[in-house]
Amino acid sequence: MKMHRTLYYKFIVAYVVFAILSFVAVSTFTSNLTRKQLVSEKADTLYREASILANSYARQIYSGKITPDNAWTQLSAVDTYIDCPIWIIDSSGKVVLNTREPYSKMSDTLISDFNPAQNNRYYMTGDFFGCFTEETLSVFAPITQNFSVRGYVVVHSPMSSILASRDSIMTICYITMLIIVLLSLLILVVFSEMVYIPLRQITTATEEYAKGNYDHKLEISKNDEIGYLAGTLEYMASEIARSEDNQKKFIANVSHDFRSPLTSIRGYLEAMKDGTIPPELYEKYIGIVLNETERLTKLTNSLLQLNNLNVKGILLELKDFDINDMIKKTCETFEGTCTKKRISIELVLTGERMFVRADKGKIQQVLYNLLDNAIKFSHDSSVIKIETTEKKDKVFVSVKDSGIGIPKESVGLVFDRFYKSDLSRGKDKKGTGLGLAITKEIIQAHEENINVISTEGVGTEFIFTVAKSKKFED
Ligand code: ATP
Ligand code: MG
């Protein structure tokens with residue numbers, strides 16, 4: 001929540017700053033430019049008028065074709081028409097004619113520092129050498145006679161009219177700006193809401209997830225970055241939920257597997273103590289108790305091993321070794337059990353020697369677990385086949401039995417921790433259901449694969465891969 005608020009205010013502040021800056025820019029820059037443009041346009045127009053007057057009536061005064069009196073009447077008419085006072089100033093700066101003063105009462109105004117040639121422009125703004133109180137635009141056109149400047153026609157126009165039209169243009173500018181600012185504010189608000197609403201949903205969701213409520217659903221189905229974020233977040237929550245679930249299941253399984261042997265051990269011991277079991281039967285029951293403790297030891301060892309595999313991750317001691325040799329040695333360790341069940345092991349090995357690169361101890365454990373299962377779940381007097389095949393840079397090792405098989409619905413579960421199919425329970429009471437979980441963990445640590453093919457009542461085949469050794473390749 002807080003996070004959004006600051007974000008939102010940052011947006012708004014940035015926006016307000018932007019709006020103020022644009023207004024400042026328009027009110028100074030645009031206003032000045034407009035004023036300049038209007039002044040020069042007006043000056044152009046007035047200059048044209050002034051030139052015409054300079055070349056007609058004004059010149060005629062100097063050439064004596066017209067009396068100043070007469071000229072005044074003509075120029076007054078023009079003044080009325082264009083609504084601008086018209087003056088004629090001679091080159092010494094004396095105002096010889098002013099349409100706003102009756103000719104008879106003309107005062108001899110002398111503009112001492114009159115110098116129209118300064119700044120190289122034909123117009124000026126200001127009070128025209130102190131002649132006006134308000135700001136005025138004055139445009140002058142030279143009156144030439146015989147190639148010399150005799151004087152100037154000066155047309156004055158109060159700046160107030162130019163400023164008024166500038167202000168009306170500026171009003172239009174401000175209104176346009178206001179519309180743009182409001183429109184962009186609208187877009188800003190819509191956009192930030194578009195971001196804000198899902199953001200708030202995501203924040204609530206993360207809070208829920210933190211509380212442990214992984215079922216909380218995010219109803220954001222957009223094909224944009226936020227939708228993607230929400231999807232990823234949901235996926236993360238489901239993964240956490242799943243792993244937490246697995247953890248709980250795991251602990252439940254562990255507790256169960258520990259409790260049953262402990263209860264039975266305790267039961268037998270109590271029965272011995274209180275005399276329910278007579279001393280002459282002790283041997284039998286101590287045998288059972290020993291069996292149970294053996295099971296507990298096996299369980300603890302497997303758990304420790306699984307935990308080590310998990311904690312250490314991929315900590316393999318890779319080396320090159322002959323897998324054929326290893327298979328033969330592993331089979332020998334099962335000789336006792338095999339003869340008891342009259343099971344024979346058939347080896348179909350590729351090559352005299354087959355060098356692979358892997359962690360020897362761990363791969364031996366894999367083979368041991370698979371062979372142990374195959375023997376456990378085989379019927380008496382059957383054959384187990386171990387086969388190696390070479391494919392590209394891999395060696396495939398298969399352990400195939402014709403035992404009880406795995407029910408179809410359990411095939412996908414045999415690698416899960418503590419999983420034991422119902423079918424196998426009668427055959428093997430000591431099994432922990434951790435053997436294949438360890439096996440899979442080892443194979444995955446090698447970045448190899450293990451697969452199972454099984455038909456209930458027919459047999460089972462486990463196949464795993466190992467990397468061929470590069471050194472011993474022929
Ligand atoms: P442990 O390996 O700790 O003695 P386990 O053998 O029961 O216990 P796993 O090796 O993980 O545990 O095997 C899990 C289950 O998969 C077995 O209980 C059994 O139901 C089934 N299974 C595994 N291998 C075979 C097989 N070759 N034939 C039939 N079922 C099998
Ligand atoms: Mg096993």
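Tabulated data
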item	result
Total residues in the range 357-399, condition within 16 Å of ligand 2 (Cβ to nearest atom), farther than 14 Å from HIS446 by Cα and either under 46 Å from the mean Cα position of the chain (by Cα) or of a type outside the set (Val, Ile, Thr) (or both)	11
The range 435-446, residues that are touching a residue at least 24 places away in the same chain (Cβ under 8 Å) and more than 8 Å from ligand 1 (Cβ to nearest atom)	LYS440, GLU441, ILE442, ILE443, ALA445, HIS446
Residue pairs meeting the criteria (Cβ under 6 Å; at least 6 apart or on separate chains; first among the hydroxyl-bearing types (Ser, Thr, Tyr), in the range 175-187; second open to solvent by 100 Å² or more (accessible area, probe 1.4 Å))	none
Residue match in the range 262-275 (condition: open to solvent by less than 60 Å² (accessible area, probe 1.4 Å) and not in a helix (DSSP H, G or I))	yes
Restricting the range 411-434 to residues that are open to solvent by 30 Å² or more (accessible area, probe 1.4 Å) and touching a residue at least 40 places away in the same chain (Cβ under 8 Å), the residue that is nearest to ligand 2 (Cβ to nearest atom)	LYS430
Selection from the range 130-162 of residues that are of a type outside the set (S, T, N, Q), closer than 21 Å to LYS36 by Cα and surrounded by 15 or more Cβ atoms within 10 Å (Cβ to Cβ)	PHE132, LEU137, VAL139, PHE140, ALA141, VAL154, VAL155, HIS156, PRO158, MET159, ILE162
Residue selected from the range 337-354 under the condition open to solvent by less than 40 Å² (accessible area, probe 1.4 Å) and either touching a residue at least 40 places away in the same chain (Cβ under 8 Å) or among the small types (Gly, Ala, Ser) (or both), by the criterion farthest from ligand 1 (Cβ to nearest atom)	MET354
Of all residues making up the range 234-258, the number that are charged (D, E, K, R) and loosely packed, with under 11 Cβ neighbours inside 10 Å	1
Matching residues in the range 445-464 - criterion: being open to solvent by less than 90 Å² (accessible area, probe 1.4 Å), closer than 19 Å to ILE384 by Cα and not acidic (Asp, Glu)	ILE450, VAL452, SER454, THR455, GLY457, GLY459, THR460, PHE462, ILE463, PHE464
Selection from the range 372-412 of residues that are over 20 Å from THR333 (Cα atoms), part of a loop (DSSP other than H, G, I, E, B), touching a helix residue (DSSP H, G or I) at 6+ places or on another chain (Cβ under 9 Å) and more than 12 Å from ligand 1 (Cβ to nearest atom)	none
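Per-residue answers, yes or no, for (1) open to solvent by less than 60 Å² (accessible area, probe 1.4 Å); (2) farther than 19 Å from PRO158 by Cβ; (3) in contact with a Ser or Thr (Cβ under 6 Å, 6 or more places away or on another chain):
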site: THR34; (1), (2), (3): yes, no, no
site: GLU41; (1), (2), (3): no, no, no
site: ALA54; (1), (2), (3): yes, yes, no
site: ALA58; (1), (2), (3): yes, yes, no
site: ASP69; (1), (2), (3): no, yes, no
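The values are calculated or read from the model by the stated rules, or taken from the named source; none is laboratory data. Small disclaimer: the values here were computed from a predicted structure and weren't measured. Cβ sites come from the backbone with ideal geometry, for glycine too, and all protein chains shown count toward neighbours. Calculation scope for accessible area: heavy atoms of the full protein, side chains included, ligands and nucleic acids excluded. Shrake-Rupley method; radii C 1.70, N 1.55, O 1.52, S 1.80 Å.
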